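Below: the structure, in structure tokens.
Every number in this text was worked out from the coordinates using simple rules, so none of it is lab data. Keep in mind the model is a prediction, meaning the values are calculated, not measured. When we count neighbours, we look across all protein chains shown, and the Cβ atoms used for this are built from the backbone with ideal geometry, even at glycine.
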Amino acid sequence: MRSGRAALALLTGLTMGLAHADDLTHVGDLYLQGGTQGAGLGYAIPITPWFGMHADINGFGLSHQFSSGDNTYDAHLHVLNGGTYLDVFPFRGSGFRITAGAMFDDDTLTGNAIANNGTYTFNGTTVLAPPGTSATATLRYPSVMPYFGLGFGHKPGNTAGFGFIADLGVAYGVPHVDYDVSPALVNAAGANNVDAEEQSLQNTANRYRFYPILQLGVSYHF
């Protein structure tokens, strides 16, 4: 949760900074958005006619089953992330922008293996599941990931009123998998087979190192 608090602190600081701005100053965008990061709230401020900054925090939760390696998992996805970004507006009369920054991440996917007729399978080896045993996989993204993308909206100098915003980009970070298996299951299946199953899960997670971002929303320019 530390990364979520950091994102919230950045958003709060950016909002408070509006009160100390000059000239382009006393203006900014409060916005609501939704997309692959979930629902979110943010604030954008101008720096010059060509540059601006924005920060936001987003999140959602989802439960779903998935299969990986030799087992099926009953999983819960917890998404909580935010970020702070620099916006570059290359065309004076347009809201089109190039955006780069850092995403602060507290995303986790926790999956509990579902016993199949009272058995688990590790690296092709099927074993009976003793009572009270479990196998839990937890995937976590790095707490800080670089972001690069294209967007529209938050144009410095806009007149007061509502506007449309959009962001399309990618954050990069290799997720890490922790595999917590009851000792009785490790003894039954063999540590080598459990380790191989964990590596299979990690190999699957490695494919998702590019975190796609698509957010759409509405802003109000003060």
Exercise. Using unit Cβ charges (K, R positive; D, E negative) and no other charged atoms, how large, in debye to the nearest 20, is the dipole of the chain about its Cα centre?
Worked result: 440 debye
Exercise. Which is farthest toward the positive dipole end of the chain among F96, N123, N206, measuring Cα position about the Cα centre, with Cβ charges +1 (Lys, Arg) and -1 (Asp, Glu)?
Worked result: F96
Seminar exercise, completed: Of the candidates S143, A188, T110, the farthest towards the positive dipole end of the chain (Lys/Arg Cβ +1, Asp/Glu Cβ -1, centred on the Cα centre) is S143
Problem set entry | Projected label distance in nm at F162 and D74, using a 7 Å step from Cα toward the beta-carbon | 4.3 nm
Seminar exercise, completed: Taking a label point 7 Å from the Cα of F148 along Cα-to-Cβ, the residues of the stretch 87-114 whose backbone nitrogen sits under 20 Å from it are 87-91, 96-105
Seminar exercise, completed: Relative to the chain, whose Cα atoms define the longest principal axis, helix 191-206 and its Cα axis are tilted in degrees, nearest 10, by 20 degrees
Exercise. Is it possible to state the helix-based mean residue ellipticity at 222 nm for the chain, with each DSSP H run of 4+ residues giving -39500 (n - 2.57), the sum divided by total residues, to the nearest 500 deg cm²/dmol? What is it?
Worked result: -5500 deg cm²/dmol
For this session: Would you please state the base-10 log of I(q)/I(0) at q = 0.11, 0.12 1/Å for the chain, with intensities from the Debye formula using one equal scatterer on every alpha carbon?
Result: -0.62, -0.69
Exercise. Ordered by residue, what ³J(HN,Hα) values in Hz, to whole numbers, does the stretch 114-123 give under the Karplus form 6.51 cos²θ - 1.76 cosθ + 1.60, where θ = phi - 60° and Gly and Pro are x?
Worked result: 9, 5, 9, 6, x, 10, 10, 10, 10, 6
Exercise. Against the longest alpha carbon principal axis of the chain, how many degrees, from 0 to 90 and to the nearest 10, is the axis of helix 2-17 turned?
Worked result: 0 degrees
Problem set entry | Most mobile of G153, G42, G132 in a GNM of the chain (Cα contacts under 10 Å) | G132
Exercise. Using a Gaussian network model of the chain with C-alpha springs under 10 Å, which one of F51, F162, F104 is most mobile by mean-square fluctuation?
Worked result: F162
Seminar exercise, completed: In the chain, taking the dipole from +1 charges on Lys and Arg beta carbons and -1 charges on Asp and Glu beta carbons about the Cα centre, the listed residue (V218, Q65, A55) farthest towards the positive end is V218
